[in-house]
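Only one structure is covered here, and it is reproduced in the block below.
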Amino acid sequence: MSINIRAGLAEMIAAFALVLFGPMSATSALVIMGADWGTSIIIIGLTHGLVVALMIYAIGNVSGAHINPAVTIPMIINKKIDLGNGISYIIFQILGAIIGAATHAIVLPMGSEIKYALNTPGQFNGVTFNDGTVFGMEMLLTFLLVFVIFGTAVNKKSPSGWAGFAIGMTVAIGHFIGLSVSGASMNPVRTFGPAVISSLQGLDGAFQSHYIYWIAPILGGILASLVYHYIMMSKKDRE
C-alpha cells in the first residue's frame, strides 16, 4: 500500500487555509471591527464557505479535497480511498489545522479574545446551549455537508465544475444556521486547531465539550454517505 504524500500535503495546506482564514474573519469582524452579530455571521459564514470552495478547486485534482476527517472517514468506509491514505489524510489535516491556528495567533494575537474562533457551545453570542443540542446541530450540519459532497463530487453523474461552489455554499449555510448554537464546526480539525493553541496559551475552556466536535461530525458524515450511497444511487451507479 503506497501512501500519497503529495496528496497528504495538499490536505494539510487546505486545512491550514481553512483554520487560518475562517477564524481570522471572526477575529476581524468581532474583535477588530466590532461588527454586529448579524453582519458577523455573514462575514464569517461566507469566508469559511469561500475558502473551502477555493481549496476544492485548487487541490481537488490532487487529493480530492477532503479537508475534513468527517469527509475522509466516510470515504474510507465507502472505499473511495484506502485505509492507509485515509489515515495519512487525517494526520495531515490535523497538522494543517494546528499550523493554521498558530499562524492566526501570530498574525492577529487579539484573536485570543475569542479563543481564535474556537467552536464551543454558544461561543459567539453568549448563550450556552446544552451538549445534546450542540451535538444534534453539528451532526445535522455535517450530514448536509457530506450529503452534498457525495452528490456533487462523488457521484459521477453530477454536473462537472460545480462541486466547489455547491460545497462551499453548504459550509456558508451551515454557519448561517449553526454559528450561534455550536460554532458550526462541521469539521473536527476546524475545532481542534484553535483548541490546541488556546490551551497552550492557558485560555480557559479550550477543550469545553470538545468530544462533540469529533463524534457528531463524523457520525453525521458517515450517515450521510450511507444514505446517499445506498438510497440515492442505483446499484449500477454504486458499482
Picked from region 118-142 (must be within 20 Å of the chain's Cα centre (by Cα) and part of a loop (DSSP other than H, G, I, E, B)), the residue modelled with the lowest pLDDT is 124
Out of all the residues in region 219-232, which are of a type in the set (A, V, I, L, M), touching a residue at least 40 places away in the same chain (Cβ under 8 Å) and farther than 15 Å from residue 80 by Cα? 219, 223, 227, 232
Please count how many residues of region 104-122 are surrounded by fewer than 23 Cβ atoms within 10 Å (Cβ to Cβ), touching a residue at least 60 places away in the same chain (Cβ under 8 Å) and closer than 13 Å to residue 27 by Cα. 7
Filter pass, residue 76 being open to solvent by 10 Å² or more (accessible area, probe 1.4 Å), more than 20 Å from residue 19 (Cβ to Cβ), part of a helix (DSSP H, G or I) and not acidic (Asp, Glu): yes
Please work out which residue is nearest to residue 68 (Cα to Cα), limiting yourself to region 155-170 and to residues that are of a type outside the set (Gly, Ala, Ser) and buried (at least 20 other Cβ atoms within 10 Å of the Cβ). 167
Which listed residue, of 91, 98, 67, is over 20 Å from residue 154 (Cα atoms), in contact with a Gly (Cβ under 9 Å, 6 or more places away or on another chain), modelled with pLDDT of 95 or more and surrounded by 19 or more Cβ atoms within 10 Å (Cβ to Cβ): 98
Counting only residues that are assigned to a helix (DSSP H, G or I) and of a type in the set (A, V, I, L, M), which one in region 79-88 is most open to solvent (accessible area, probe 1.4 Å)? 83
Given the conditions (1) open to solvent by less than 40 Å² (accessible area, probe 1.4 Å); (2) among the small types (Gly, Ala, Ser); (3) not in a helix (DSSP H, G or I), and given that residue 60 satisfies all but one, which numbered condition is not satisfied? (3)
Just wondering, is there one or more residues in region 34-44 that are more than 18 Å from residue 186 (Cα to Cα), surrounded by fewer than 16 Cβ atoms within 10 Å (Cβ to Cβ), of a type in the set (Asp, Glu) and in contact (Cβ under 8 Å) with a residue 60 or more places away in the chain? no
Selection over region 24-43 where residues are in contact with a Ser or Thr (Cβ under 6 Å, 6 or more places away or on another chain) and under 25 Å from residue 10 (Cβ atoms) yields a count of 1
Criterion violated by residue 148 - all others in (1) crowded, with 17+ Cβ neighbours inside 10 Å; (2) within 23 Å of residue 41 (Cα to Cα); (3) in contact (Cβ under 8 Å) with a residue 24 or more places away in the chain satisfied: (3)
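The values are calculated or read from the model by the stated rules, or taken from the named source; none is laboratory data. Predicted model, so just to flag it, every value in this text is computed and none were measured. Methodologically, a virtual Cβ is constructed for each residue, glycine included, from the backbone with ideal geometry; neighbour enumeration extends over all protein chains shown. Just so you know, the surface numbers come from the protein's heavy atoms only, side chains and all, with ligands and any DNA or RNA stripped out. Shrake-Rupley method; radii C 1.70, N 1.55, O 1.52, S 1.80 Å.
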